[in-house]
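Note sheet for the following structure.
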Amino acid sequence: MTTIQLPEPQALTMTLGDALARRRTNRECTDEALCDKDLAALLWACAGITSEDGRRTVPSTLDLRAVTAYVLRADGAWRFDPEKNALEQTTAEDVRELSTSYQYEYVKKAPVTIVFVADRERSKNARPTGVFVDAGTMGQACYLAATSLGLAGCVRASFDHDALRNGMKLAEHMEPIVLFTVGRPA
Ligand SMILES: Cc1cc2nc3c(=O)[nH]c(=O)nc-3n(C[C@H](O)[C@H](O)[C@H](O)COP(=O)(O)O)c2cc1C
């Protein structure tokens, strides 16, 4: 399996109050690649482990941690492993286009789309809506981190979920729920 070790995340230095006040959806971003320090900061914000017992920056239904962050880039789809701060490739194909079946052109070229994927096996004893809330908190964490980093981001739920899951080579019980597309502001 191809893996990428991510560097230490870029520090998020904006105050929480400022990040909340400035957070906006911005769909105008350039094609320029994101540096891995910024990517690591976004992933830490939405899925980082912050205590010895494995708890994270975000809450999760029944503490199941059933939603995992994946990354779509030009070089393929990647699962974020928060314990190793590493990316594990699920496909080398550029599947960014599959994340915009009926919406925006810019998403095909935006450098990074983070996909929040629910493991429906792992969450089977929780209410079905729980993973939606988990993914929502992760999306907001990405917005706040992107604001602190000066990046343009957008949460998106309008996409063909089955086409994206198949393109990312995920198992049937893995359900992409919502996306966060991010890049440098145009
Ligand atoms: C659950 C959810 C799904 C969304 N889906 C989309 C989407 O598919 N496409 C899109 O362009 N924006 C999407 N958005 C972004 C909203 O359009 C945006 O948050 C709203 O217009 C308010 O703008 P703001 O985020 O700047 O406050 C979504 C937001 C949420 C919370």
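Key figures for this structure:
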| item | result |
| --- | --- |
| Whichever residue in the range 25-60 is closer than 22 Å to residue 183 by Cβ and over 17 Å from the mean Cα position of the chain (by Cα) and, among such residues, is nearest to the ligand (Cβ to nearest atom) | 28 |
| Residues of the range 131-148 classified as more than 15 Å from the ligand (Cβ to nearest atom) and in contact with a strand residue (DSSP E or B) (Cβ under 9 Å, 6 or more places away or on another chain), total | 0 |
| Residue among 73, 56, 65, 27 that alone is touching a Leu at 6+ places or on another chain (Cβ under 9 Å) and surrounded by 13 or more Cβ atoms within 10 Å (Cβ to Cβ) | 73 |
| Those residues of the range 108-132 which are without any contact (Cβ under 8 Å) to a residue 60 or more places away in the chain and either on the phi > 0 side of the Ramachandran plot or not in a loop (DSSP other than H, G, I, E, B) (or both), in sequence order | 108, 118, 119, 132 |
| Condition met for residue 164 (crowded, with 17+ Cβ neighbours inside 10 Å, within 16 Å of the ligand (Cβ to nearest atom), at pLDDT 95 or above and farther than 26 Å from residue 52 by Cα) | yes |
| Any hit, the range 175-186, residues being surrounded by 15 or more Cβ atoms within 10 Å (Cβ to Cβ), modelled with pLDDT under 95, under 24 Å from residue 92 (Cα atoms) and not hydrophobic (A, V, I, L, M, F, W, C) | no |
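The values are calculated or read from the model by the stated rules, or taken from the named source; none is laboratory data. Note that the structure is predicted; figures quoted are calculated from it, not measured. For neighbour counting, all protein chains shown are included, and Cβ atoms are generated from backbone atoms with ideal geometry for every residue, glycine included.
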